[in-house]
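**Student:** Sharing a structure with you now.
The values are calculated or read from the model by the stated rules, or taken from the named source; none is laboratory data. Quick caveat: nothing in here was measured; it's all calculated off a predicted structure. Quick reminder, even Gly has a Cβ in these numbers, built from the backbone with ideal geometry, and neighbours come from all protein chains shown. The area values use the complete protein model at the heavy-atom level, side chains included, leaving out ligands, DNA and RNA. Shrake-Rupley method; radii C 1.70, N 1.55, O 1.52, S 1.80 Å.
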Amino acid sequence: MSRRVLVTGGAGFIGSHTCVALAAAGYTPVIFDNLCNSDIRVLERLRQITGSTPQLIEGDVRDEALLARVFADEPFAAVIHFAGLKAVGDSVADPLTYYDNNVRGSVALALAMQRAGVNTLVFSSSATVYGQPDHSPIPEDAPLRPANPYGRSKLMVEQALSDLHRAQPGWRIALLRYFNPVGAHESGLIGEHPQGKPNNLMPFVCQVAVGQREKLQIHGGDYPTPDGTGVRDYVHVMDLAEGHVAALMHARTRAGLSILNLGTGQGASVLDVVRAFERVSGRALRFDIGPRRPGDVPAYWSDPSLAKATLGWRAGRSLEQMCADSWRWQQGNPRGYD
Ligand code: NAD
Ligand code: UDP
């Protein structure tokens, strides 16, 4: 039985960490990535962590001919599909690019798998599919009403894969809805390096702490939350990575479709993150509390109990550890892999 796993988007933030977890579990990750939002130098870092350089197939998941060749060349036990675009604002400005990349790319990949007889697939979905929830914690059967094209592209892929499973019940599919992935591998060798000004909180906090940005703008201090700032379910990227391996192992043991939240089940406010980061870095962070960011949900966090019951997985790393690992990565690599 092959231990090779095709990891689309494996050069990116969550994908690269998942390659580490796959290697630790005895799998051989093969990265398929067009490098549109990642850096080939991640391969050398993965070698330093795992002891071997993963194979990279440089290509686009929309390239059906290439996918056919990849599956014809060597057997794969499964596919983990991270490749996609993820910037909410860009998806509003340029929806067709998002549907093309995320939806067409996923359909092309599943078709290639079907033709090759590979039927185990783990897909990166997102808590964005819930939109503004009625309440938290959010269970998987909460209403799905994504508020932007990015979130709708994830929901469309979930629906396409659910239809596929209904038509062909032999498929083994896990749809994983991540909450807010942050942190980095504890070695500090791989992590997240957004291009340009970060939209997300943790990369912004890191850049303020290292002196690349003057201060953090907190988007809103008048939310109905304990300290008035927005609340999210931050989850350590290595916990997420291990969640993918658990989902893969589960899918390999039985045919079926699982839809699972991957989060901690705990909400943390923007100020909780700032304070935790200050504690672990020993640096004071400058911030201003400004207006709300349009479209932001005040507070949400996951109900992770189904993932625990199904996979035996839970996100165990603390907010302090998320901050400490982000900080180690940022300090060692202030310009990413440059
Ligand atoms: P990332 O941008 O770091 O990684 C995505 C990778 O996919 C990149 O290496 C990019 O070069 C590659 N890629 C993009 N389009 C491609 C294509 N058409 N063909 C081949 N490769 C392509 O992002 P990430 O944070 O690691 O996210 C991974 C997945 O998880 C994405 O699908 C994202 O939507 C999803 N997700 C991310 C978050 C988050 O906050 N980071 C939350 C929920 C879901
Ligand atoms: N946030 C903030 N300042 C920033 C970036 C984010 O105050 O520069 C807040 C944001 O309003 C939200 C939380 O931090 O309450 C998490 O934001 P992020 O963009 O990381 O995740 P998302 O909102 O997509 O869940």
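**Student:** Assuming R0 = 45 Å, what is the FRET efficiency of Gln48 and Gln168, from their Cβ-Cβ distance, to the nearest 0.05?
**Tutor:** Efficiency, from the Cβ-Cβ distance: 0.65.
**Student:** Roughly speaking, what is the stretch gain from Ala24 to Asp141, that is 0.36 nm per residue apart minus the C-alpha to C-alpha distance, in nm to one decimal?
**Tutor:** Details: separation 117, 0.36 × 117 = 42.12 nm, distance 3.25 nm.
Once the chain is fully extended between Ala24 and Asp141, it gains 38.9 nm.
**Student:** At 37 °C and a viscosity of 0.692 mPa s, what translational diffusion coefficient does Stokes-Einstein give for region 61-114, taking Rh as the Kirkwood radius over Cα pairs? Give it in µm²/s as a whole number.
**Tutor:** Reported coefficient: 272 µm²/s.
**Student:** For region 28-43, just list the computed ³J(HN,Hα) in residue order, Karplus coefficients 6.51, -1.76 and 1.60, θ = phi - 60°, integers in Hz, with x standing in for Gly and Pro.
**Tutor:** Using θ = phi - 60°, the values come out as 10, x, 10, 8, 10, 8, 8, 6, 6, 9, 7, 9, 4, 5, 4, 4 Hz.
**Student:** Over region 217-338, with the other protein chains present, what is the accessible area per residue in square angstrom, probe 1.4 angstrom? The partial results should precede the final answer.
**Tutor:** Working: 5320 Å² over 122 residues.
Value for region 217-338: 44 Å² per residue.
**Student:** Next up: Ordering Lys215, Lys86, Lys197 by accessible area with a probe of 1.4 Å, largest first, what comes out? Write down the numbers at each step before the final one.
**Tutor:** Working: Lys215 55, Lys86 110, Lys197 135 Å².
Correct descending sequence by accessible area is Lys197, Lys86, Lys215.
**Student:** Quick one: dipole size for the chain, taken about the Cα centre, charges +1 on Lys/Arg Cβ and -1 on Asp/Glu Cβ, in debye to the nearest 20. Display every interim value, and only then the final one.
**Tutor:** Numbers: 33 positive and 33 negative charges, 71 e Å.
It works out to roughly 340 debye.
**Student:** For Lys308, list the aspartates and glutamates whose Cα falls under 19 Å from its own Cα; do not include residues on the same chain fewer than 8 positions away.
**Tutor:** Partners found: Glu140, Asp141, Asp233, Asp239, Glu242.
**Student:** Step through the residues of region 177-187 one at a time and calculate ³J(HN,Hα) from phi using the Karplus curve (6.51 cos²θ - 1.76 cosθ + 1.60, θ = phi - 60°), rounding each to whole Hz and writing x for Gly and Pro.
**Tutor:** Values, residue by residue: 9, 7, 8, 9, x, 9, x, 7, 4, 5, 5 Hz.
**Student:** Taking a point 7 angstrom from the Cα of Ala72 along the C-beta vector, which residues in region 101-127 have backbone N less than 17 Å away?
**Tutor:** 109, 111-118
**Student:** Run the quick spin-label model on Glu278 and Ser318: label points 7 Å from Cα toward the beta carbon, then report their separation in nm to one decimal.
**Tutor:** Calculated label separation equals 1.8 nm.
**Student:** Once phi is turned into θ = phi - 60°, what whole-Hz ³J(HN,Hα) does the Karplus curve with 6.51, -1.76 and 1.60 give for every residue of region 5-19, x standing for Gly and Pro?
**Tutor:** 10, 7, 10, 6, x, x, 8, x, 4, 6, x, 5, 5, 5, 4
**Student:** Can you list the trypsin sites (Lys or Arg not before Pro) in region 299-338 that are in a DSSP coil and have 14 or fewer other beta carbons within 10 angstrom?
**Tutor:** Details: sites: Lys308, Arg314, Arg317, Arg328, Arg335; in loops: Arg314, Arg317, Arg335.
Filter output for region 299-338: Arg335.
**Student:** Over the chain, with a single point scatterer placed on each C-alpha, what log10 of the ratio I(q)/I(0) does the Debye formula yield at q = 0.07, 0.10, 0.11 1/Å?
**Tutor:** -0.27, -0.56, -0.68
**Student:** Now, a different point. Please give the calculated 222 nm ellipticity per residue for the chain, where each DSSP H segment of at least 4 residues contributes -39500 (n - 2.57) and the sum is spread over every residue; nearest 500 deg cm²/dmol? Please report the intermediate quantities before stating the final value.
**Tutor:** On the way: 12 runs with 131 residues, N = 338.
The helix contribution divided over the chain gives -11500 deg cm²/dmol.
**Student:** Here's a follow-up. Please report Rg (one decimal) and Dmax (integer) in Å for the Cα set of region 1-91.
**Tutor:** Calculated on Cα positions, Rg and Dmax stand at 12.9, 43 Å.
**Student:** Grab the beta carbon distance between Ala116 and Arg286, set R0 = 56 Å, and tell me the FRET efficiency rounded to 0.05. Walk me through the numbers before you get to the answer.
**Tutor:** Numbers: r = 53 Å, r/R0 = 0.95.
Efficiency, rounded to the nearest 0.05: 0.60.
**Student:** Roughly what % of DSSP beta bridges within the chain run antiparallel, to the nearest 5? Working shown, then result.
**Tutor:** Details: 2 of 41 bridges.
If I count the DSSP bridges inside the chain, around 5 percent turn out antiparallel.
**Student:** Turning to a different aspect of this structure: Under 5 Å between amide hydrogens, which residues at least 5 positions from Ser258 or on another chain qualify, with H placed 1.01 Å from N in the peptide plane?
**Tutor:** Under 5 Å from the amide H of Ser258: Ile173, Ala174, Leu175.
**Student:** Now for a different question. Report, by chain and number, residues whose modeled amide H sits under 5 Å from the one on Val235, excluding near sequence neighbours (fewer than 5 apart, same chain).
**Tutor:** Asn180, Val182
**Student:** Continuing with the same structure: Given the peptides 229-235, 248-254, arrange them by the average over their residues of other C-beta atoms within 10 Å, most packed first. Before the final figure, lay out each step's value.
**Tutor:** Values: 229-235: 25.1, 248-254: 15.9.
By packing density, highest mean first, the sequence is 229-235, 248-254.
**Student:** At a Förster distance of 35 Å, what's the computed FRET efficiency of Arg41 paired with Asp222, Cβ-Cβ distance as r, to 0.05? Write down the numbers at each step before the final one.
**Tutor:** Working: r = 43 Å, r/R0 = 1.22.
After rounding to 0.05, the efficiency reads 0.25.
**Student:** For region 160-290, take the convex hull of the Cα atoms, compute a quarter of its surface area, and give me that in nm², please. Walk me through the intermediate numbers first.
**Tutor:** On the way: hull surface 42.0 nm².
Hull-based average projected area comes out at 10.5 nm².
**Student:** Counting only residues 5 or more places away or on other chains, whose amide H sits under 5 Å from the amide H of Gln55 once H atoms are built in the peptide plane?
**Tutor:** Hits under the 5 Å cutoff: Ile31.
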